[in-house]
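S.K.: Below: one structure in structure tokens.
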Amino acid sequence: MSPARRIVRPHLYAVVYALLGMFLVLAHGPILATPYYWDEVGQFIPASLDLFETNAWIFQTKAWIAHSTLPNVHPPGLMAWLAAFWHIFGYSITATRVAMLLIAALGALMTFLLAIELGRGTPGAPAFTAVALLSVSPLFYAQSMLAQLDMPAMAFTALALLLFLQNRFRESAIVCIVLVLTKETGLVAPAVFGCWLAVERRGERSARAALWYLMPLAAICCWLVALRHATGHWLGNSEFARYNVFYPLNPVRLAFALLRRIYYLFIGSGHFVGTVTLVWAWRRMPLFHDRAWRVAATFAAFHVLAVSVTGGAVLERYLLPVLPILYAAFAISMRALMPRPRALTLAALLACLALANFINPIYPFPFENNLAFIHFVELERNAADAISDIPGTVATTFPMADSLRRPEFGFTSSPRKLIEMRDFKRGSVEKLLKNRPDMLIVFDPTWDPLHLLDSGPGSWLLRRYYGYEPAMTPGEIAHLLSMRVAAHWESGGQKMAVLQ
């Protein structure tokens, strides 16, 4: 029999949430004014500004569909939150960062409460350990301030799972509605919960409760109908559908995506320390075989599968909804160790996670996985400042091209005349011979210090199944276009150059 739940007054939750929010804002204080990064510039901030700048947008169906950027299947939940926050506090980059950190604080609070629920009866305070691990995790720390979908998805997933485990099915289903209107892959949670109740032999009440989880499906269907009506495409545009639905289904690409997910969750960023502990504790702690853990593990497995089968970009941020479960498992499994090994294990895992915020892996990875994205934004700002007083046409590629288009993104005081390139491969650069720009901003979006992508089996795999082709260097581009490298910068091992 599981221990009885203590009744906690609501104001205590508010106090803990406020403390977590203050901690996250202070921890990000020095970088709160950082200009927008990558997909923020390409999708989420433009879509949010479209909503923010539309009067009476709540009552206008078309206002929910992005028009200053290419619309896609992503629901408007995050954009509505940012637009509402800006209406109250005014638009600024700092306001955006604070708005996202408030959601991250909710995610941290839900991680704490979920760890309590999953570790019920476990001695000590594993919930505090779970939150500590989450807080220093490089993926959580970086994503908690970025205006992207996965941090809200993590927060609402953890809350929905918590309510489900407490048998509060109606409330859980309502949270799932918010979840799927934040990110479409959130549909995995209500699908798992509904199916679990449908097949679980717990009486007619469970079967009826399963019907609540049809509401999130209805909600996402309404969004898809509105998107189809406004754009003519069920997923917003045909290119998005091709890249995110059909492209990942190649068996080799799918296998690689799954291996990458497993690697990050159980090995990368020091997670191997927690994994070893979890394997050790699995047979020694009957708790891990309880219904709560079976539900949590089922959801985690299906979520990992879903974000591997869908999504052309294999980004680690898609795994954020699994992190509360993972860190709760690590924290609880440490209780199977003796005090001294437990302390050493926790210290080692915390140290690995903390260092991973600043130390990049030796293999390619998305800059947004840790503080490397700050260095990239710094380079963008340097290049934008360098050309701010120089008239003429600028050629570059995404995301630098989008960063120079709109002053709201924090890089330029006025829009620049642009030639947007597809990339810096030879075919794209040669197209500029017919229409030479006055300036060209060149950068390498890939972290590859050991040149793993340019030789060996990794290079063959990428060329064969991903169409990989090395980009030209600034010197090679300058020679081809009869230009010169006028300025270059390096930050955190990343480089950017301006050609004239």
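S.K.: Has region 323-330 got any residue that is part of a helix (DSSP H, G or I), touching a helix residue (DSSP H, G or I) at 6+ places or on another chain (Cβ under 8 Å), of a type outside the set (A, V, I, L, M, F, W, C) and within 24 Å of residue 120 (Cβ to Cβ)?
M.R.: yes
S.K.: Let me ask something else about it. If a residue has to be farther than 23 Å from residue 302 by Cα and surrounded by fewer than 19 Cβ atoms within 10 Å (Cβ to Cβ) to count, how many in region 232-279 make the cut?
M.R.: Qualifying residue count, region 232-279: 6.
S.K.: Suppose we filter 297, 292, 301 for residues that are among the aliphatic types (A, V, I, L, M), more than 21 Å from residue 139 (Cα to Cα) and out of contact with any strand residue (DSSP E or B) (no Cβ under 7 Å at 6 or more places or on another chain); which single one remains?
M.R.: The unique qualifying residue is 292.
S.K.: Looking at region 25-64, which of its residues are assigned to a helix (DSSP H, G or I), among the hydroxyl-bearing types (Ser, Thr, Tyr) and surrounded by fewer than 22 Cβ atoms within 10 Å (Cβ to Cβ)?
M.R.: Listed by number, the list holds a single entry, 61.
S.K.: Quick one: which of 477, 441 is more than 27 Å from residue 358 (Cα to Cα), of a type in the set (Val, Ile, Thr), assigned by TED's automatic domain parsing to the domain that holds residue 377 and at pLDDT 90 or above?
M.R.: Step by step, each of 477, 441 is checked, and only 477 is more than 27 Å from residue 358 (Cα to Cα), of a type in the set (Val, Ile, Thr), assigned by TED's automatic domain parsing to the domain that holds residue 377 and at pLDDT 90 or above.
S.K.: Yes or no: region 387-409 includes at least one residue that is in contact with a Phe, Trp or Tyr (Cβ under 7 Å, 6 or more places away or on another chain), surrounded by fewer than 19 Cβ atoms within 10 Å (Cβ to Cβ) and within 30 Å of residue 355 (Cβ to Cβ).
M.R.: For region 387-409, residues in contact with a Phe, Trp or Tyr (Cβ under 7 Å, 6 or more places away or on another chain), surrounded by fewer than 19 Cβ atoms within 10 Å (Cβ to Cβ) and within 30 Å of residue 355 (Cβ to Cβ): absent.
S.K.: Out of all the residues in region 345-352, is one or more surrounded by fewer than 19 Cβ atoms within 10 Å (Cβ to Cβ) and free of Cβ contacts under 8 Å to residues at least 40 places away in the same chain?
M.R.: So far as region 345-352 goes, yes, one or more of its residues are surrounded by fewer than 19 Cβ atoms within 10 Å (Cβ to Cβ) and free of Cβ contacts under 8 Å to residues at least 40 places away in the same chain.
S.K.: Does residue 317 meet the test of being in the same structural domain as residue 196 (by TED's automatic domain parsing), of a type in the set (D, E, K, R) and farther than 21 Å from residue 133 by Cβ?
M.R.: The answer is no for residue 317.
S.K.: Taking residue 305, is it crowded, with 18+ Cβ neighbours inside 10 Å and either touching a residue at least 24 places away in the same chain (Cβ under 8 Å) or within 26 Å of residue 255 (Cα to Cα) (or both)?
M.R.: The answer is no for residue 305.
S.K.: Can residue 53 be described as under 20 Å from the mean Cα position of the chain (by Cα), acidic (Asp, Glu), within 23 Å of residue 399 (Cα to Cα) and assigned by TED's automatic domain parsing to the domain that holds residue 321?
M.R.: Answer is no for this residue.
S.K.: Here's a follow-up. Kindly check whether there is at least one residue in region 198-207 that is charged (D, E, K, R) and within 30 Å of residue 23 (Cα to Cα).
M.R.: Looking for residues that are charged (D, E, K, R) and within 30 Å of residue 23 (Cα to Cα), one finds none in region 198-207, hence no.
S.K.: Spot the failing condition for residue 67; the list is (1) part of a helix (DSSP H, G or I); (2) surrounded by fewer than 19 Cβ atoms within 10 Å (Cβ to Cβ), and only one is missed.
M.R.: Against the list (1) part of a helix (DSSP H, G or I); (2) surrounded by fewer than 19 Cβ atoms within 10 Å (Cβ to Cβ), residue 67 comes up short only on (1).
S.K.: Since residue 46 meets every condition but one in (1) more than 14 Å from residue 83 (Cβ to Cβ); (2) under 22 Å from the mean Cα position of the chain (by Cα); (3) not basic (Lys, Arg), which condition does it not meet?
M.R.: The number of the failed condition is (1).
S.K.: Could you pull out every one of the helices (runs of 4 or more DSSP H) wholly within region 96-188 that has 1 or more residues that are over 21 Å from residue 288 (Cβ atoms), in contact with a Gly (Cβ under 7 Å, 6 or more places away or on another chain) and touching a residue at least 24 places away in the same chain (Cβ under 8 Å)?
M.R.: 150-165, 169-180
S.K.: Which of the residues that make up region 356-392 are without any contact (Cβ under 8 Å) to a residue 60 or more places away in the chain and under 29 Å from the mean Cα position of the chain (by Cα)?
M.R.: Hits for region 356-392 are 358, 359, 366, 384, 385.
S.K.: Going residue by residue through region 359-370, is there one that turns out to be assigned to a helix (DSSP H, G or I) and either farther than 29 Å from residue 32 by Cα or among the small types (Gly, Ala, Ser) (or both)?
M.R.: Checked region 359-370: no residue is assigned to a helix (DSSP H, G or I) and either farther than 29 Å from residue 32 by Cα or among the small types (Gly, Ala, Ser) (or both).
S.K.: Sticking with this one: Looking at region 256-267, I want the residues that are of a type outside the set (A, V, I, L, M, F, W, C) and modelled with pLDDT of 95 or more and have a partner that is crowded, with 18+ Cβ neighbours inside 10 Å and in a helix (DSSP H, G or I) with Cβ atoms under 7 Å, at least 6 apart or on another chain. Which pairs are those?
M.R.: From residues that are of a type outside the set (A, V, I, L, M, F, W, C) and modelled with pLDDT of 95 or more, the pairs are 261/304; 261/308; 261/319; 264/316; 264/319.
S.K.: Which of the residues belonging to region 424-458 are of a type in the set (D, E, K, R) and over 21 Å from residue 382 (Cβ atoms)?
M.R.: Listed by number, the residues that qualify are 425, 426, 430, 431, 434, 436, 448, 454.
S.K.: Quick check on my filter: what residues within region 331-358 are of a type in the set (Gly, Ala, Ser) and either touching a helix residue (DSSP H, G or I) at 6+ places or on another chain (Cβ under 8 Å) or not assigned by TED's automatic domain parsing to the domain that holds residue 243 (or both)?
M.R.: If the condition is that a residue be of a type in the set (Gly, Ala, Ser) and either touching a helix residue (DSSP H, G or I) at 6+ places or on another chain (Cβ under 8 Å) or not assigned by TED's automatic domain parsing to the domain that holds residue 243 (or both), then 331, 333, 336, 348, 351, 354, 356 are the ones that fit.
The values are calculated or read from the model by the stated rules, or taken from the named source; none is laboratory data. These numbers were taken from a predicted model, which means no experiment stands behind them. No Cβ is skipped: glycine too gets one built from the backbone with ideal geometry, and neighbour counts run over all protein chains shown.
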